[in-house]
Structure formats: structure tokens, C-alpha cells
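Student: Sharing a structure below in C-alpha cells format, with a few things to ask.
The values are calculated or read from the model by the stated rules, or taken from the named source; none is laboratory data. This one's a predicted model, so the numbers in the text were calculated from it and none came from an experiment. In this analysis, Cβ positions are derived from the backbone assuming ideal geometry, glycine residues included, and neighbour counts consider all displayed protein chains.
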Amino acid sequence: MKKTLFLILLLIAGINYACAKSGAEIKFDKTTHNFGTFPESDPVVTGTFTFTNVGDAPLVIHQAIASCGCAEPEYTKEPVMPGKTGIVKVTYNGTGYFAGYFKKSITIRTNAKTEMIRLFIEGDMQTDK
């Protein structure tokens, strides 16, 4: 009886461990992109974040939302298989905004173990002289 109970508990623990280890997992090459300095006369800049699915299930990005209307994210729409890569491309448009330093965030929502990740863009738009 004790041996059977022990084996059942061991089996349950093993199943729980296996379930906890499976799933998609996202890993970005960087979480901040710095555009550096750019002129107000050319206010549109674009940066790319590359990510890898380091899990063992397909990874899906459900949503990418910028913290302001000045940044527009685009992302890989199809599922990213384990070991493969995808991108999040962010375009900052400073037209109509004050020159100077900025830092904005992009919130990424996925089906990965870490369901929400924040990426950042920053730069310094300089006034034309």
C-alpha cells in the first residue's frame, strides 16, 4: 500500500514538473533600442528588436502596444516555432513633437511563460539650426 501511494505521488510530481517545463518562451536580443541623435527635419526613425523562441511550443505575439501615438510597432504575426526567430520593428515619428530626449515603451503580450514584456526606444531629436 505504501509503495503504491509513493509511486502515485511520484507520478503526479513528474507530470506537474513536465507541464511546468513545457511551453513557448521568448528571449529578446535587447530590450532597449537607442536611435541616438537625429534632426527634427528628418523625424522618422526605425529600430528592430529580434527575439528567439527558446521554449518547446510555438510562440505567438498577441499584441504590441506603444505608450504613445508617436511610436508604431510591427511584429511577426505567424507563430514562431521553437528555435526560430521573429522581429518587432518600431518606427518613431517625431513630427509635431518637441525636440529633445525621449524614452517610450512598447508592451508585448504573448502566449509565452512570461506573458508580458516591455521594450524601450529612446533617442534625442535635435532642433534644426
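Student: Is it the case, given these coordinates, that Gly96 is closer than 21 Å to Lys30 by Cβ and small (Gly, Ala, Ser)?
Tutor: Working: closer than 21 Å to Lys30 by Cβ: no; small (Gly, Ala, Ser): yes.
It is false that Gly96 is closer than 21 Å to Lys30 by Cβ and small (Gly, Ala, Ser).
Student: If you don't mind, another one. Of these, Lys103, Lys27, Lys129, Lys77, which one is modelled with pLDDT under 95, surrounded by fewer than 16 Cβ atoms within 10 Å (Cβ to Cβ) and not small (Gly, Ala, Ser)?
Tutor: Details: Lys103 fails: modelled with pLDDT under 95; Lys27 fails: modelled with pLDDT under 95; Lys77 fails: modelled with pLDDT under 95.
Residue meeting the stated conditions: Lys129.
Student: Taking interchain pairs and intrachain pairs at least six residues apart, which have beta carbon atoms under 9 angstrom, with the first residue in segment 37-50 and under 15 Å from Asp128 (Cβ atoms) and the second assigned to a strand (DSSP E or B) and among the polar types (S, T, N, Q)?
Tutor: Close Cβ pairs satisfying both conditions: Thr37/Gln126; Phe38/Gln126; Pro39/Gln126; Glu40/Gln126; Pro43/Asn93; Val44/Thr91; Val44/Asn93.
Student: Let me ask something else. Which members of segment 73-91 meet the condition of being in a strand (DSSP E or B), more than 17 Å from Glu115 (Cα to Cα) and not hydroxyl-bearing (Ser, Thr, Tyr)?
Tutor: If the condition is that a residue be in a strand (DSSP E or B), more than 17 Å from Glu115 (Cα to Cα) and not hydroxyl-bearing (Ser, Thr, Tyr), then Pro73, Glu74, Lys89, Val90 are the ones that fit.
Student: Does Lys113 count as among the basic types (Lys, Arg) and part of a strand (DSSP E or B)?
Tutor: On the way: among the basic types (Lys, Arg): yes; part of a strand (DSSP E or B): no.
No: the conditions fail for Lys113.
Student: Right, next: Where the second residue is of a type in the set (Ser, Thr, Tyr) and surrounded by fewer than 14 Cβ atoms within 10 Å (Cβ to Cβ) and the first is farther than 29 Å from Asn53 by Cα and lies in segment 87-114, which pairs have Cβ atoms under 8 Å and are six or more apart or on separate chains?
Tutor: Ala99/Thr127
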